[in-house]
Structures are given as C-alpha cells and as structure tokens.
Protein chains: 2
Amino acid sequence: MTAQTDQADAKAARITISVDAMGGDNGPAAVIAGCSTSAQKNDNIRFILHGPAEELKALVARKRVLEGRCDIRHAPDVVSMNDKPGQVVRNSKGTSMWSAIEAVRDGEASVAISCGNTGALMALSMIRLRKLPGVNRPAIAVLYPSSNPQGFNVMLDVGADIRADADDLLRFALMGMSYARNGLDLPRPRVGLLNVGTEEHKGRTELKEAYELIRDHHEEAGFEFVGFVEGGDIAGDVCDVIVTDGFTGNVAIKTGEGTASLIGDRLREAFRYSPLSMLASLLAYTSLNRLKKKIDPRRVNGGVFLGLNGTVVKSHGSADATGVSAAIRLAAQLADIQFTDKLAARVAGLPGEETP
Amino acid sequence: MTAQTDQADAKAARITISVDAMGGDNGPAAVIAGCSTSAQKNDNIRFILHGPAEELKALVARKRVLEGRCDIRHAPDVVSMNDKPGQVVRNSKGTSMWSAIEAVRDGEASVAISCGNTGALMALSMIRLRKLPGVNRPAIAVLYPSSNPQGFNVMLDVGADIRADADDLLRFALMGMSYARNGLDLPRPRVGLLNVGTEEHKGRTELKEAYELIRDHHEEAGFEFVGFVEGGDIAGDVCDVIVTDGFTGNVAIKTGEGTASLIGDRLREAFRYSPLSMLASLLAYTSLNRLKKKIDPRRVNGGVFLGLNGTVVKSHGSADATGVSAAIRLAAQLADIQFTDKLAARVAGLPGEETP
C-alpha cells in the first residue's frame, strides 16, 4: 500500500490552486468531486476552496484524498449566471468568485478556477489582477480538437471582448504562441490569422494591418506565421494557434461544439436503428468510447484568461467532476511551469507603443 | 418501359437551368455527370450548358438521358479559382461563367449554377443581374444540417460581403425567411440573429440596432423572431433561419465543416482499431451509411445568392456528380416556384429608406 506515502506527498504539495466552488450548474458537489479526482492523480496539488464554509466542509469530509489538502475560505454569496459584469464588479466582495481571484492576487495560489459566469469572471479578473504591461485587451484561449499531432490547437480570443484591433491581434498571436509552447510543448508553434480566405487581399482592414504586424514580429518572437487561415483550419493541421477577435472566435467554437453534438446525436440514432446496428454498437463499444474520449469537450475543459497578472481558468458552467478535473489538470500544468511569468516576459518584450 | 414517355416529357421540360460547366475542381465531366443524374430523376428539367463546345458535346453524347435536353453555348475561356473578382468583371466576356449568367439575364433560364470562384461569381452576378429594388447587399444563403424536424437551417450571409449594417441584416432576415418558406416549406419560419450571447445588452452596436429593426418588422412580414442566438444554435432547433454578416457566417460554416470532417476521420480510425471494431463497422455499415447521407455536405450542396434579379446557385468547387446533382435539384425547386419573384415582392414591400 502506498497510502502512507501519498499522504506525506500530499502535505508537501507544491502547487496551490484557488477554486471557486460555487456558480457552476452542478453545484459545489461536482466541483469538490473534480478536486478529489485531480488530487488522486496528482500528489503535487493542494486547494483553497471558496464558498459557504459549512457546506464545503461537509463535502470535503466525504473525500478521504482531500484530507489535509484543502483550505476553506468562507464566502457566503454567489455570482449567478444572470448577473451583469458591471454589477458584479461593484457588489461582489462577499462572493466565492471574488474570493477565489483574491487568493491569486495575494500570491497564495498561482491559478484560480471557476465554473461561473464568464463575463463576470473576466471583469473581476481584470479589476483585481490587472492587465500585464503591454496588454490592452486580455483574451480567452481554448484548446480545440485538431488533426495536428498534438491533438489540439490553441484558439484565441473566444470571448473576452467582442472587438480586437491590429495591435490586439498581434498580442493575441504572442500570447497564443506562449500558451502553445508551454501548454502543448510545441517549441516553435505555427500561428494563423483567421479570415474568410487565405489570399492577402481579403478581409477587413484591421486584419490586413494585423497580418503585416505579425509578419514583422514573428521571427524575433520565435514562431512561424502561416498567414491567413480559414474556419476549416481551426480543427485542421496547417497551424497550431488560431488568432481572431472574441466575437468571431466565440461564434466559431460554439458552432463547432453544436455541430459535434448534432453528429453525436445522429450517430446514436444510427446505432439504435435496427437489431443489427444495435449489435454493432455493442461490438464497437470500446472503439466508440475511445472516440468519445478524444472529442469529449469535458476532457479539454477550460478556457484560459491570458494577459493578466495571474492565470485564471474558466471551466464550463455545466462541467461535471470529469470536466472540473480536466480544468484543474490544465491549471496545475500552467502553475507548475510558472506560465504567467513566461507570458509576461513575452508580451513585455514587444517593441512599439501601446494603443490607447 | 417508360423510355418513350420519358423522352416525350423531356421535350416538354418546363424548367431550364443554365449551367457553367467549367471552373469546378473536377472539370466538366463531373458537372455533366451531375446533370445526367438530375435529368434521370426529374423529367421537368433541361439545361443550357456553357463551356468549350466540342468538349461539352463529347461529354453529353455519352449520356443518353441528356439527349435532346441540352443546349450547348460555346464559351472558350474559364474563370479560374485564383482570378480576382475585379479582374473578372473587366475581362470575362468569353468565359463560361459570364455566359451562364447571361442566359438568366436574357430570360432563357430561371436559374444559373456554377462550381467556380465564389467571389467572381458574385461580382459578375451583381453586375449583370443587378440587385433587387430595396436590397443594398446581396447575401449567400446555405442550408446547414440541424436538429430541427426539417433537418436543415437556413444561414445567411456566408460570404457575399464581409460587412453588413443593421439595415442589411433586416433584409437578410426577410430574404432568409422567404428562402426557408419556399425552400424548406416552413409556413412561419423562426428567425434568429447571431451573437455571442442571447441577452439583449450583448454584442456590437449594429446587432443591437438590427435586433430592434427585425423585432419591429417581423409581425407584418409573417415570421417569428426569436432574438439573439449563439453559434451552438446554427445546428440546433431554436430557430430555422440564422442571420449574420458574411465574415462571421463564412468562418462559422467552415468551422462546422472542418469539425465534422475531423470527427469523420476519428470515427474511421476508431473502427479500424481492432478486429472487433472492424467487425462492428461491417455490421453497422448500413447505419453508418445512413448517417453519412444525413450529414454529407454533398447532399446539401449549394449556396444561393439572394437579392438579385435572378437566382444563382453556387456549388462547391470540389463537387462531384452527387454534389452537382444536389445543387441542380435545389435550383430546379427554386425555379419551379418562381422564387425570385416571391423574394422580390418580399423585399420590395419593406417600408423605410434604402441605405446609401
């Protein structure tokens, strides 16, 4: 038995993750279950949990693996999915979300995680953690399933802001490159700029400007620039990082998720169609499960807020224990390599003025 | 035998479709094969084929079903995929694309079809057919697979123009509604406006303006307005028509296609994984084929140009005979119901000024 050793390792855990236990659709039980799954797999992590203390204590007490690895911070209030970002910024001091970000601000934890309201989380993160020097607009980056060897591409921005000018897009390229290098272990990521065609003359003015800016900076920044890419390349293999504004990126990933979900439904229908197809689905059970794992959004759960003094991981509101655990794994990896410092060095090294 | 009767019907064919036989990736053979497939299924259609006469004559001679149902118009030149729209407009008089549009302009055919360069086709269509009164920006509409009972949603614009202001979006709503009513047989289509969230306060300024315009006009126009929708709703069932600008729409459909293609590849890999899964794939063959038919983009091949004096169907450049035949079926359906006239009446009935 290794229980004794595990317990000893656990106490020496190097990585502290600040977890907003509230605000997800499945309540704190799903979040604590996710922490428990992650704690079992990784001896190096411990948690600061934010939410109503009594409720969290009871949930933690049921998971033996969490014993001695959780600090609980009482936060009686919750940011709801319907709260507007502006309201939240003014009235959020007692909320679990505010408290979770505060732990990163104070240096107690390297990364914060929340399943709550994305707009509110970004607004609070910007106010409390502040933007990195040289960053005008932070971005949310996600990992999108792709036919590249690493299995995923980085895409940003997917919804931090509906706008992005040419300077912002250049910074997104640098931040996305840094994320791909540190999160996907790609030494020289290939970056593409999302447009409606690959010809240089196509697209909006800010895209043509961004094209020139990125082309002029990519050599010194150590990444490859493949130029304009199209929607079909988001899941493809011509680049590893897709740069776009938050409006387009948000519509694109939701379209992709919706399409995948439609195909999944149709696949299940197809296998229910006849006795023969039902038998086939039994035989193919393992293969289909393997497929499900590869394209299951729960297993790549977590948008990362880039461009702030501290890393914040946004998990899906509907995340279950598997989803939360995936987000924690991502957070732990980024914390482990001191990602925020690396990213800050990358963006600060950029010549040229900040846009107003 | 019904051959005699077929022949008689063929000569009385009511619907004439003007077909650009050149410009597709698979050459005129694939286009003529598509015409042949369609001619077999529908006695009511005949064709005017545009391209190098000798080459087309030889190809048509090999298909018995096309006998007596094709006029061939000699057009020695081809618009290539790399030609820029501006160049094409100036130097396209001898091309098959120009000739195909001209047959619609002259009233010889009700609909034109081309597999060629989209930008050039739109530019030529606008110059030669002209915009309908009341339309500032034409749009390209596609049918996107969805979980709605009709199996598809209408989405527009997917790339006629990268811009669209609030007035354009209102007209897209009206044109999309008319297409859904006539192309999908929906008496009262539900229209949604694509945004990054469903809350009224979200999104760009022109979207908020368009929201109000569409809300104010939907009653008299006879459609339901469901308000803002998200990327996930493009393949969903909350609405039948998705309205957006051509930049966002183009990225969205290409993202969806790329994602579907990635899942297809992964599915094939999963079934090749072990002897058991290979056996399963044999048993599931019929079911999987049924699925493939449902989500095969070739079977819904054809973007329709809306807002012009005449209907133009753009088929995928990579369309094979099945794809071309699907585009012809769509074209024949729209021609049969005099879609252009219905659409014109719809958009012209709109109160308010035209934007400059």
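Bear in mind that the values in this text are calculations on the coordinates, not laboratory data. Please read all numbers here as calculations on a predicted model, not as lab measurements. Glycine also receives a Cβ, built like all others from the backbone with ideal geometry; neighbour counts cover every protein chain displayed.
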*Compare the Cα positions of A:140, A:242, A:261 along the charge dipole of the range A:139-298 (+1 at Cβ of Lys, Arg; -1 at Cβ of Asp, Glu; about the Cα centre) and return the one farthest towards the positive end.*
A:261
*asked:* Using helices alone, I'd like the mean residue ellipticity at 222 nm for chain A: each DSSP H run of four-plus residues gives -39500 (n - 2.57), total over residue count, nearest 500.
replied: -15000 deg cm²/dmol
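For the range A:183-323, what does the relative contact order come out to in percent, with C-alpha contacts under 8 Å and a separation of six or more?
Relative contact order here is 19 percent.
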*In a shell of Cβ-Cβ distance under 9 Å around residue A:190, excluding residue A:190 itself, what net charge do Lys and Arg (+1) and Asp and Glu (-1) give?*
-1
*Residue pairs, from the table A:314/B:202; A:57/A:93; A:84/A:208; A:63/A:84; B:41/B:314, whose Cα atoms sit over 29 Å apart*: A:84/A:208; A:63/A:84
*Ascending count of other beta-carbon atoms within 10 Å, so fewest first, for A:97, B:126*: B:126, A:97
*Between copies, how close do the residue B:131 label points come, placed 7 Å along Cα→Cβ, listed in nm from shortest?*
3.6
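Rank the residues B:158, B:19 as a footprinting-exposure proxy: fewest other Cβ atoms within 10 Å of their Cβ go first.
Values: B:158 26, B:19 34.
Lowest count first: B:158, B:19.
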*asked:* Between residue B:136 and residue B:285, what is the label-point separation in nm under the 7 Å Cα-to-beta-carbon projection?
replied: 5.7 nm
_For a quick check: sort B:16, B:95 by the number of other beta carbons within 10 angstrom, fewest at the front._
B:16, B:95
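Taking the Cα centre of chain A as the origin, how large is its charge dipole in debye, to the nearest 20, when only Lys and Arg (+1) and Asp and Glu (-1) carry charge on their Cβ atoms?
Taking the Cα centre of chain A as origin, the dipole is about 1220 debye.
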*Between residue B:67 and residue B:224, with labels modelled 7 Å along Cα→Cβ, what's the label distance in nm to one decimal, could you check?*
5.2 nm
*Report, for residue A:215, each distance to the same residue's label point in the other copies, shortest first and in nm; define the point 7 Å along Cα→Cβ.*
4.4
*What FRET efficiency do you get for residue B:25 and residue A:14 if R0 is 51 Å and r is their Cβ-Cβ distance, rounded to the nearest 0.05?*
0.40
*Just going by the charge dipole of the protein assembly as shown, with Lys and Arg at +1 and Asp and Glu at -1 on Cβ, which of B:114, A:156, A:207 is farthest out on the positive end?*
B:114
*Relative contact order for chain A using alpha-carbon pairs under 8 Å, separation at least 6, rounded to a whole percent?*
23 percent
*Measuring from label point to label point, each 7 Å out along Cα→Cβ, what is the residue B:338 to residue A:40 span in nm?*
6.9 nm
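With Rg and the Kirkwood Rh both taken from Cα atoms, where does Rg over Rh land for the range B:139-298?
Computed over Cα atoms, the ratio is 1.08.
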*asked:* Apply the a/c threshold of 1.5 to the C-alpha gyration tensor of the range A:61-156 and tell me whether it is rounded, prolate or oblate.
replied: oblate
*Can you bin chain B into rounded, prolate or oblate? Criterion: square roots of the alpha carbon gyration tensor eigenvalues sorted a ≥ b ≥ c, rounded for a/c under 1.5, prolate for a/b above b/c, oblate for the rest.*
oblate
